[in-house]
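Single-structure report; data block below.
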Amino acid sequence: MKIYLAGSITDDPNYKNKFDEAEEYLKSLGYTVLNPTVLPGEMSYEDYSPICFAMIDVADCMAVIDGIGTSNGVHMEIDYILKNNINTYVYTLDELKKTT
């Protein structure tokens, strides 16, 4: 199963550690993890969006770190899934932990 990681980046100075921790945990369970924080940091948000949407296109589900909250990026990613009828399920990371 391929899991796309989503979460607040802009307003969280500790986002990289949270994404890395989530990635390692999910990999330890045998999942393939699509982690947008491995992309170069020098690009604009407009550059990131199509790359992240391409990751979502191939993912089986999305794991949202720390819930959906107020992250504009996470809301855009969920809107993308809904508008394009993509068969990708959205879970919080805590929900995924409970199912394994």
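Examine segment 66-88 for a residue that is in contact with a Leu (Cβ under 8 Å, 6 or more places away or on another chain) and not aromatic (F, W, Y), and state whether such a residue exists. Within segment 66-88, one or more residues are in contact with a Leu (Cβ under 8 Å, 6 or more places away or on another chain) and not aromatic (F, W, Y). Any residue that is closer than 23 Å to D12 by Cα, touching a residue at least 24 places away in the same chain (Cβ under 8 Å) and out of contact with any Leu (no Cβ under 7 Å at 6 or more places or on another chain) - is there at least one of those in segment 43-50? Yes, the conditions are met somewhere in segment 43-50. The residue that is least open to solvent (accessible area, probe 1.4 Å), counting only those in segment 1-19 that are in a helix (DSSP H, G or I) and closer than 17 Å to L96 by Cβ, is F19. Residues that are in a strand (DSSP E or B), surrounded by 18 or more Cβ atoms within 10 Å (Cβ to Cβ) and at pLDDT 90 or above within segment 20-67 comprise V33, L34, listed in sequence order.
Scanning segment 79-97 for residues that are over 15 Å from I3 (Cβ atoms), out of contact with any Phe, Trp or Tyr (no Cβ under 9 Å at 6 or more places or on another chain) and assigned to a helix (DSSP H, G or I) yields D79, L82, K83.
May I ask you to list the residues in segment 1-36 that are of a type in the set (D, E) and either within 19 Å of A54 (Cβ to Cβ) or in contact with a His (Cβ under 6 Å, 6 or more places away or on another chain) (or both)?
E23, the sole residue that qualifies.
Cβ-Cβ distances below 8 Å connect no pair with a first residue in segment 77-99 that is over 23 Å from K18 (Cα atoms) and open to solvent by 40 Å² or more (accessible area, probe 1.4 Å), a second residue that is in a helix (DSSP H, G or I) and at pLDDT below 75, and a separation of six or more residues or different chains.
The values are calculated or read from the model by the stated rules, or taken from the named source; none is laboratory data. Predicted model only: the values in this text are computed from it and were never measured. Reconstructed Cβ throughout: ideal geometry from the backbone, glycine too, with neighbour counts over all protein chains shown. Areas reflect the complete protein model, heavy atoms only, side chains present, ligands, DNA and RNA absent. Shrake-Rupley method; radii C 1.70, N 1.55, O 1.52, S 1.80 Å.
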